[in-house]
Every structure is written in structure tokens, then in C-alpha cells.
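Everything below concerns the one structure shown next.
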Amino acid sequence: MKSTRRRFLQTAAAGIGLTALSPTLSAASEAKSFGPDEVGMLYDSTLCVGCKACVYACRSENFDADSSSELDEKALAEQRWHDAYELDYRTKNIIKLYQNPDDVNDFAFIKRQCNHCQSPGCVSACPVKAMTKNPVTGTVQYDKNICIGCRYCQMACPFKIPTFEWHMTFPKISKCELCRQTPKGTPACCRVCPAKAVIYDKRSILLAEAKRRLAENPDRYINKIYGEYDYGGTNVLYLSRVDFEKLGLPNLPNYSYAGVSENIQHTLYKTFNHVPIAPVALYAALAAVAFVQHKRRGKKDAGNEAKKDGGEK
Amino acid sequence: MSSEHTYVKAPGKLITPTTVILALIVATGFSIIGYRLVFGLGVISNLSDGYPWGVWLAYDVAAGSAFACGGYSVAILCYIFNGWKYHPMIRSALVTSFFGYALAGLSVMVDIGRYWNAYGFMMPSRWQTNSVLFEVAVCIMGYTVVLLIEFMPSALETLRELKPNSFIKKLADFTAPKLDKVLMFFVVLGMTLPTMHQSSLGTLFVITGQQLHPLWQTNLLPLLFVSNAILLGFAVTLFESGLSAAGFKRPFEAEAFGVAKVVPIVGFFWLAVRFGDLIYRGHILTAFTPSFHMVIFWIETLLITAPIFIFLGKLNPRKLFYTALLLTLGGGMYRIDVYLVGFNPGDNWYAYFPSIPEALITFGFIALEVLAYIVLARLLRLLPAVHTAHN
């Protein structure tokens, strides 16, 4: 009996171990490709003058009176917007400054908003399909009417983009959705940028444009288009003179952690005709053993029960 | 069934200084929940966009549901491995499991921002089966129901002792034998479901990627979490045996010594996976590179390793109780380290530490769990009848 138990544990461990380790390897190769009509933005940090027109345009475009706090309304009435330091429930887009502490002339701006990943962590994480990736435009969209407010999307985003209305009685998630409610189609930030530092188009066109700029001015940029492959590719692309990590864009692998996580789930919960195989097999195995043990006990019981009688109440 | 002779009620009155104090802590916690429902999460908690998951999920759900794995661990031991030998321990284990899970579910409802949309889990059109959280949520809801069914025999048994002609007694008399026939199907479900969601509680953090410190981030999180849950299930069961022996002034349950001997088997398995994985991923040196996380890692590892070795040796009730307590702390710490301590969203956010109201809500839940256990143990026959404390 003891040796069978050990063997069972060994086999189980080996099985689970192997299935859990394999996803890393296959995740990279399974990177999905971008559709022909997927849209995105190209932000060129070297062109940005840091005027923040995009931040204000974004706020006006996406201003939601329902979720503003008293402070926001006061600021709005006085034509004086609260200046945010991070993305928050009312700031879906922000310009940040990188400053080299040792050299005043070494600085760069960075625009932060949702990158609309090819394999988004938030979409994979959301338990109820409140976060979805538009199959045509590739925009990652949020539906507050389905959202349960679990905030797993915030945990799952490697760029820390989704924000939450912490001050609200009935809060919701907030993130850039490429101004999908806009009739004009072009997101507010791209409409107002005076330096054309951020432009909106199909991703394929933007990628070609980014490559052209890199080829024409190799000295102006570091030789990388952030978002081309990072995290499995994102619909928003970045060019910069400064290291992307200094600008707050994390150094990520060329595959999405969402893919790794889904691979584990799909391996453990592989289905056959909508029936998850492993859990059903586990149930059957446990039921079989438990049944045998139950039978065996029935035989023993006849003798033992008589002894136990007379115990305290 | 001869359960009258296998299980007994705990002695003592319902209203005692202990239960009154517990009730006050519960009341405090629930008042703050009321406040949270009106004024929002931000007012009472230290949660932020950087640390959107705090102590309610780390302690109440991740650690709490594993502390509630007594019913799971003892069931595996009892129904699978040793032919019902430890069956007398199962009832009290099931009760704590039920409260652990029910309260984990309740604290999730306090935690989620748009709780009125939670009915979406009942609508197949909204199921997002790629989501690890979906699996965890559905599985935990299912398991709570299974625990309730598994617990029914003890409740029915007491109801059947009511006045002969009462309606409830008749209903209980009618239900009990039918339940007895199908109970085994639920018992097996009660072993399958925790295997699923306890592993998924670990998988939840795979998607956080680089935000979780490399000492904890691994694709083996599901395996580590499920074996850690089994380990904790045993530890908590042993801890509770000691506690109810002292609290209800009963002799020590002899079965506990047998259960203690199983702990090292699971424990060494867990340690092997933990360190094997660190070596495989090339992060074993990270465990020896001085840092805050290194210290945390070794405290956690020692709190788990030491009890395993103590359990190998000779035990007495006192030693068993304290060792089980250490193991509970260590196992729970591992889970909290994954959910909070090892989690770092970047330099832009202040490190998270629970606010006082947040902690008070958690204390309220813990107090409710203990209170409900005391009350039920005195009303129903849950505890094993003690034969002799000598093994």
C-alpha cells in the first residue's frame, strides 16, 4: 500500500510538473498575428514637446460627470484641471518626463496609455468578458455593465494601465479605449498633438512609418520599436532616443504572460466535447478508490461497531 | 449509522465572555463593511491602482481558503489512503472548511467593486473560460455548496432529536436516509473541486509576470499551491484538535497523532518542488543574495521545514499543537508572500500595508468563523468521541 501511494504521488508530480513547465516554450511560438484592419498609435518621444495638449483633450473627450469627485467638478468649473502624476480614473492618457539626475540636458517625454496588446493580460484575466479585444480594430474595450470590479485586469496588466474609481460608491474600471465613442474615429490625443508626436492609423502603416524613421535617422533613436514584439506585440508603438525602461516601459519578453497562463489552464482543463478531461478523470479515480475503501470498511465494521457502542454521548 | 457514538457535542454554554467578545469584533467588522458599501473602497482601504489586491484576497481568500482545507486533506486521507481510520475527525474539519470558504466568498463580495454584477457568473454567455479567476470563482462557489451538503448529516442528526411530531423532525427523518445514499458522490466532489481551485489560486499569479518576485514567480505555482493547501489542511486540523481540547476542556484526540505522521510526506514533496523549481529556473542563488525578499523567503522556508522535521520525531499533545501552529503560519506565509510581499508593481507606488479598517474587516471575518464554530460545536455533534489520548 505504501509503495503504491509513493508511486502515485511520483507519477502525479511528474505529470503536473511537465504540463506546467511546457507552456513557456510553446507560448512564444504561438504569438497571434495582427489583423489587416487593426488600428493603433505611434508615439515618437523625440518629437514630443511635453505640452500635454493630449492629456487635456483626452480628459475633455472622455469626461464622465458620473464618476467625477467634488474636487474634479470644482476644478472643472474654474477651468483648472487637477494635474495627475499617474494614470487614474479620470486620466486615461498622461505625459511623463524622464530627467537624468546628473545631466539637465538629458531628458525625454513619454506618453502612457493602454497599449492595446495583441494578447492582452486584462482580457485573459477578466472572468466575465467585461474586457474584450475588438476582433477588427484590435482595440481593447471595457464594458462596465458586465464588470464585477474584481480588479484582476489591473493585476494582470504588465504596463499597469487600467485604473479604478477608488472614491466611488459604484466604481468602475477606466482605461484608454482609443476614443471608440468618437464619431471622428481619430482619438482626441492624436487630433490635438501640435508636433505630430503621436499619430493614429492602421498598425501596419504605423509600423512601416516607424521603420522608415529608424532607417532615415538611425542616430536620433535607439534601434528598437517598442511594441513591435514586446509582450507579443502591441497596437501602440513607441520610438525613443532614451532607453525605454528609463521611460517606464518595462523590459518584457516577446510573449504575453497571458499566453503562459492560458496554456497552463488549457493544459489542465483540456476539454473533449466541452467536458474538461483532467477534472473528470480525477473525479472518476477518486470515486473508484473511495468506493473500494468504503466496501472494505463495511466488512470490518461489523466487528468494530459493537466495540464502539457504549461510548459517551 | 452509529454516529451518536462516534461524535459528541462540545460541553459548555453558548453565551460566555469569549463568545461575547467575538461577537463584538464581528459587529465592528460588519459596521465597517456597511461604511465601505456607502463610501467606496478607497475611503477605508490602502488599496491603490498599483496594489489593487490587498489583505482581503491575500489573507481571507488565498490563505483563508487553504486554512479551510482541513475538510479536503482529512477527506483525502480518510477516504483514499487509510480506509476511514480518521473518520471521527472529519466533521469538525468540514465545519471549519465550510465557514472558511463561505467567509472567503463573503470577503470577495466585500472586495469586488461592482458586486451587483456578480450574477454574471451564472450566465454562460459571460463565462470567460480563459480566465483563471473564472475557474477559481466557479469552483469555490461549487465547493461551498458541496461542503454544506457534506455537513448536512450532522445538522439533520440533531434535528431528528426534536419533538416527535414536529414538521422539521419529519422532514429531517425523510431526508437523512436519502442523503446518506448520495453523500459519497458529494464527498468525492469535495476532493476534486479543491484540487482544482487551490491549484488555480496559484495560477492566478502567473499572469502578473515580472511584477511577482522571481523567488515566487513560477509556472509551478499551481502545483505548489495545491500541495501547500493539503499541507495546511493537515496543519490546521491538528491545530484545531489541540485548540478544541483546551477550549472545550476535552482530552486530546488520539487520531491527531496518526495524522501528524502524514504531514512530513506532503511536506517533503512540497519542499522538493519548491527548491527543485528554484534550481531549474536558475534562481537558487537569488535565495542567497541578501535582500528583503531573501529574508522573507528564509523565514517562510524555515517555518515550513522545521515543523516537518519535528513531526518526524516523538510527539506529545502540547508539542503537536505548537508545531501545527508553526506550520500553519509558514504555509499561510507562503501564500501571502505570493499575493502581497513578493508582488511589486513598480517604483511608482507606495508599498501596500493594510489600513486599520481593512484589518478590522478581516478580524471580523476571523471572529465570525471562530464564533460560528464554537456555537455549532455546542449545538451539534461535531467532535470525535474521545476514547483515550494514548496512541
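Within 21 Å of B:Ile90 (Cα to Cα) and buried (at least 18 other Cβ atoms within 10 Å of the Cβ): is that true of B:Leu315 in this structure?
Answer is no for this residue.
Do you know which residues across the stretch A:86-111 are buried (at least 19 other Cβ atoms within 10 Å of the Cβ) and out of contact with any Gly (no Cβ under 7 Å at 6 or more places or on another chain)?
A:Leu87, A:Tyr89, A:Arg90, A:Thr91, A:Lys92, A:Asn93, A:Ile94, A:Ala108, A:Lys111
Six or more apart or on different chains, Cβ under 7 Å: which pairs go from a residue in the stretch B:111-137 that's more than 22 Å from B:Arg36 (Cβ to Cβ) to one that's of a type in the set (D, E, K, R)? Could you list them?
That search, which allows pairs on different chains as well, returns B:Arg126/A:Lys129; B:Gln128/A:Lys129; B:Asn130/A:Glu262.
For the stretch A:161-211, what are the residues that are of a type in the set (D, E, K, R) and free of Cβ contacts under 8 Å to residues at least 60 places away in the same chain?
A:Arg180, A:Lys184, A:Lys211
For the stretch B:170-192, indicate whether the set of residues that are at pLDDT 90 or above, under 15 Å from the mean Cα position of the chain (by Cα), part of a helix (DSSP H, G or I) and under 23 Å from B:Gly70 (Cα atoms) is non-empty.
So far as the stretch B:170-192 goes, yes, one or more of its residues are at pLDDT 90 or above, under 15 Å from the mean Cα position of the chain (by Cα), part of a helix (DSSP H, G or I) and under 23 Å from B:Gly70 (Cα atoms).
Of all residues in the stretch B:278-302 being surrounded by fewer than 17 Cβ atoms within 10 Å (Cβ to Cβ) and among the hydroxyl-bearing types (Ser, Thr, Tyr), which is farthest from B:Phe343 (Cα to Cα)?
The selected residue is B:Tyr280.
If a residue must be surrounded by 15 or more Cβ atoms within 10 Å (Cβ to Cβ) and among the basic types (Lys, Arg), how many such residues does the stretch A:216-240 contain?
1
Looking only at the stretch B:41-71, count how many residues are in a loop (DSSP other than H, G, I, E, B) and free of Cβ contacts under 8 Å to residues at least 12 places away in the same chain.
The qualifying residues number 1.
Check B:Cys69, B:Cys78 and return the single one that is within 19 Å of B:Gly190 (Cβ to Cβ), of a type in the set (A, V, I, L, M, F, W, C), within 12 Å of another protein chain (Cβ to nearest Cβ) and out of contact with any Asp or Glu (no Cβ under 6 Å at 6 or more places or on another chain).
B:Cys78
Scan B:Leu278, B:Leu327, B:Leu360 and give me the residue that is in contact (Cβ under 8 Å) with a residue 40 or more places away in the chain and over 20 Å from B:Phe67 (Cβ atoms).
B:Leu278
Among A:Thr137, A:Thr132, A:Thr169, A:Thr163, which is farther than 30 Å from B:Leu340 by Cβ and of a type outside the set (Gly, Ala, Ser)?
Result: A:Thr137 is the single residue among A:Thr137, A:Thr132, A:Thr169, A:Thr163 that is farther than 30 Å from B:Leu340 by Cβ and of a type outside the set (Gly, Ala, Ser).
Is it true that some residue in the stretch A:205-218 is in the same structural domain as A:Cys114 (by TED's automatic domain parsing) and in a loop (DSSP other than H, G, I, E, B)?
yes
Which ones in the stretch A:128-146 are at the interface with chain B (Cβ under 7 Å from one of its Cβ atoms) and surrounded by 24 or more Cβ atoms within 10 Å (Cβ to Cβ)?
A:Val128
Search the stretch A:31-55 for residues that are closer than 11 Å to A:Pro194 by Cβ and pair each with any residue that is buried (at least 21 other Cβ atoms within 10 Å of the Cβ) and basic (Lys, Arg) when their beta-carbon atoms are under 8 Å apart and the residues are at least 6 apart or on different chains.
Every condition considered, the pairs that remain are A:Cys48/A:Lys111; A:Cys54/A:Lys111.
Might you check whether a residue that is touching a His at 6+ places or on another chain (Cβ under 7 Å) and polar (S, T, N, Q) occurs anywhere in the stretch B:312-321?
no
Each row is one residue, and each column tells you yes or no for (1) more than 10 Å from chain A (Cβ to nearest Cβ); (2) under 16 Å from B:Ala75 (Cα atoms).
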position	(1), (2)
B:Ala118	no, no
B:Leu133	no, no
B:Ile140	yes, no
B:Ile149	yes, yes
B:Leu162	yes, no
B:Asp173	yes, no
B:Lys181	yes, no
B:Met191	no, yes
B:Thr195	no, yes
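Conditions: (1) more than 10 Å from chain A (Cβ to nearest Cβ); (2) crowded, with 24+ Cβ neighbours inside 10 Å. B:His213 meets all but one. Number of the miss?
It is condition (2) that B:His213 fails.
Taking the stretch A:166-179 on its own, how many of its residues are assigned to a loop (DSSP other than H, G, I, E, B), under 26 Å from A:Met41 (Cα atoms) and within 11 Å of chain B (Cβ to nearest Cβ)?
Here the count works out to 2.
Working carefully through the options B:Tyr373, B:Tyr350, B:Tyr339, find the one that is among the aromatic types (Phe, Trp, Tyr), within 14 Å of chain A (Cβ to nearest Cβ) and surrounded by 17 or more Cβ atoms within 10 Å (Cβ to Cβ).
Of B:Tyr373, B:Tyr350, B:Tyr339, the one residue that is among the aromatic types (Phe, Trp, Tyr), within 14 Å of chain A (Cβ to nearest Cβ) and surrounded by 17 or more Cβ atoms within 10 Å (Cβ to Cβ) is B:Tyr339.
Counting only residues that are at the interface with chain B (Cβ under 9 Å from one of its Cβ atoms) and either touching a residue at least 60 places away in the same chain (Cβ under 8 Å) or more than 21 Å from A:Ala156 (Cβ to Cβ) (or both), how many does the stretch A:233-270 have?
The total comes to 13.
Please indicate, with yes or no, whether at least one residue in the stretch B:146-169 is part of a helix (DSSP H, G or I), out of contact with any Gly (no Cβ under 7 Å at 6 or more places or on another chain) and either more than 29 Å from B:Arg381 (Cβ to Cβ) or modelled with pLDDT of 90 or more (or both).
The answer is yes; a qualifying residue exists.
Does the stretch B:109-122 contain at least one residue that is touching a Pro at 6+ places or on another chain (Cβ under 6 Å), at pLDDT 90 or above and surrounded by 19 or more Cβ atoms within 10 Å (Cβ to Cβ)?
yes
Collect the residues in the stretch B:81-97 that are of a type in the set (Ser, Thr, Tyr) and within 14 Å of another protein chain (Cβ to nearest Cβ), keeping them in residue-number order.
Passing the criteria: only B:Tyr86.
For (1) within 13 Å of another protein chain (Cβ to nearest Cβ); (2) part of a helix (DSSP H, G or I), each residue gets a yes or a no:
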residue: B:Ala235; (1), (2): no, yes
residue: B:Phe239; (1), (2): no, yes
residue: B:Phe252; (1), (2): no, no
residue: B:Trp270; (1), (2): yes, yes
residue: B:Trp298; (1), (2): no, yes
residue: B:Lys314; (1), (2): no, no
residue: B:Lys319; (1), (2): no, yes
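The values are calculated or read from the model by the stated rules, or taken from the named source; none is laboratory data. Just so it is clear, the model here is predicted, and its values are computed rather than measured. Quick reminder, even Gly has a Cβ in these numbers, built from the backbone with ideal geometry, and neighbours come from all protein chains shown.
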